[in-house]
Ligand SMILES: Nc1ncnc2c1ncn2[C@@H]1O[C@H](COP(=O)(O)OP(=O)(O)O)[C@@H](O)[C@H]1O
Ligand SMILES: [Mg+2]
C-alpha cells in the first residue's frame, strides 16, 4: 500500500493531516494501538518540521504486512549539524512559530523515541530527507 | 468522569456545544508546547492550555485526548472550533488560570466516586 502527500512550508493549518490519514489507515488494518500511537507521533513531527523549517516537501508512506515506512523529502535549508538538531530543546524556529507552541525543540527526539528505525540525510542549501520505519510485530 | 459532569462541577464554558460531552476524562495534561503534548500526553487525558489555534485540535485528535480546556478566558479560533465540532472533541473554557483549574480537576478526578 502506498500513499503520497504534498506539504507546503508555512502551511500550519493543515499540519497533522498526513498523520491523521495514516492513523485511519492503520486502524482499519487492525494494527496494534501502541504501534499506531508511536507511528502517529513520528509522522506528525516529521510533517510539522517540513511546514516549520522547509519550503515544501513530499511524504511517501509505504505499508506492507511487516512494517510502515515513511519518507519525508523536502526542499529547504537543510540541517547543518544533525547531532545538535537531535538534542532536546534545540530549535531554530522563529518567535512567531514558538508562540504557537511549535519550536520546543522536541520534534526530532519525539521521532527517535517513537520509531524503530530513523534515518536523517540532509544537505545544507538543498533539503532534508527523514525516513521512519516502524515494525508491526516488534515486541 | 464524563466531560459533561466536569462542565457542571466547574462551571466551564462549552464552546463546542454538545460535541463529545460523554467522553470519559481519565486524567489531565498541562502544557503549551505542542511537541510536549505530542510526546507525553496519554489517551483520555484532558489538555489544559492557553493555545487556541487549530493544531491543538489536530493533536487532541491524534492523541485521543478527551477534551481541551482553554484557561484565563481564552476562546478558540474559528477553524479550531469547526474542526473540534467535526471531530467531536470538546473545547471548554474557564476564567481560572492554569494552576487553579489543574488543581480543581486533579482533586475531582481523585475523589472516590
Ligand atoms: N526538515 C527540516 N529542514 C530544516 N531544518 C530542520 C528540519 N527538521 C528539523 N530541522 C532543524 O532541527 C531543529 C530541531 O528540530 P525539532 O527537534 O523538530 O524541533 P523544532 O521543530 O521544535 O525546532 C529545528 O529547529 C531545525 O533547526
Ligand atoms: Mg519540530
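If you take the beta carbon distance between residue B:100 and residue A:88 as r and set R0 to 30 Å, what does 1/(1 + (r/R0)^6) give as a FRET efficiency, to the nearest 0.05? Walk me through the numbers on the way to the answer.
Working: r = 29 Å, r/R0 = 0.98.
Efficiency, from the Cβ-Cβ distance: 0.55.
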At R0 = 35 Å the Cβ-Cβ FRET efficiency linking residue B:108 and residue A:98, nearest 0.05, sits at 0.60
Given only helices, namely DSSP H runs of n ≥ 4 each adding -39500 (n - 2.57), what is the per-residue ellipticity at 222 nm of chain A, to the nearest 500 deg cm²/dmol? -10500 deg cm²/dmol
When chain A is treated as a Gaussian network with springs between alpha carbons less than 10 Å apart, the largest mean-square fluctuation among A:54, A:75, A:104 is found at A:104
Specify whether the C-alpha gyration tensor of the range B:50-113 places it in the rounded, prolate or oblate class, a ≥ b ≥ c being the square roots of the eigenvalues: rounded for a/c under 1.5, otherwise prolate if a/b is larger than b/c and oblate if not. oblate
Checked the range A:1-130 with the C-alpha gyration tensor, a ≥ b ≥ c its square-rooted eigenvalues, rounded below a/c of 1.5, otherwise prolate if a/b is larger than b/c and oblate if not; verdict prolate
In a GNM of chain A with a 10 Å cut-off on Cα contacts, which of A:71, A:98, A:38 has the highest mean-square fluctuation? A:98
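Extension gain residue A:13-residue A:75, at 0.36 nm per residue separation less the Cα-Cα distance, in nm?
On the way: separation 62, 0.36 × 62 = 22.32 nm, distance 1.98 nm.
Contour length minus Cα-Cα distance gives 20.3 nm.
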By how many degrees, 0 to 90 and rounded to 10, does the Cα axis of helix A:17-28 deviate from the longest principal axis of chain A? 10 degrees
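Write down the percent of antiparallel bridges among all DSSP beta bridges whose residues are both part of the range B:3-110, to the nearest 5.
Numbers: 2 of 13 bridges.
Antiparallel: roughly 15 percent of the beta bridges in the range B:3-110.
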Simple label model, 7 Å out from Cα along Cβ direction - residue A:137 to residue A:21, nm: 2.9 nm
Which of these, B:44, B:77, B:93, has the largest mean-square fluctuation under a Gaussian network model of chain B (Cα springs below 10 Å)? B:77
Quick check on the protein assembly as shown: of the DSSP beta bridges with both residues there, what percent are antiparallel, nearest 5%? 75 percent
By counting other Cβ atoms within 10 Å of each Cβ, how are B:8, A:13 ranked from fewest to most? B:8, A:13
Expressed in angstrom and rounded, the centroid-to-centroid distance over alpha carbons for the range A:1-74 and the range B:1-64 is 23 Å
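When Rg is the radius of gyration of the Cα atoms in the protein assembly as shown and Rh is its Kirkwood radius, what does Rg/Rh come to?
Dividing the radius of gyration by the Kirkwood radius yields 0.98.
Return the calculated 222 nm mean residue ellipticity for chain B, to the nearest 500 deg cm²/dmol, obtained by summing -39500 (n - 2.57) across DSSP H runs with n ≥ 4 and dividing by the residue count. Can you show the working numbers first?
Details: 5 runs with 47 residues, N = 113.
That calculation yields -12000 deg cm²/dmol at 222 nm.
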Counting partner chain Cβ atoms within 10 Å of every residue's Cβ in A:73-80, what's the average? 0
Regarding chain B, what whole-number volume in Å³ per residue does the convex hull of its Cα atoms give? 82 Å³
What do you get for the angle between helix A:33-53 and the principal long axis of chain A? Use alpha-carbon atoms, 0 to 90 degrees, nearest ten. 30 degrees
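Rule-based calculations on the coordinates, nothing more; no lab input. Bear in mind the structure is a predicted one, so any value in this text is a computation, not a measurement. Don't worry about glycine lacking a Cβ; one is built from the backbone with ideal geometry, like all the others, and counts go over all protein chains shown.
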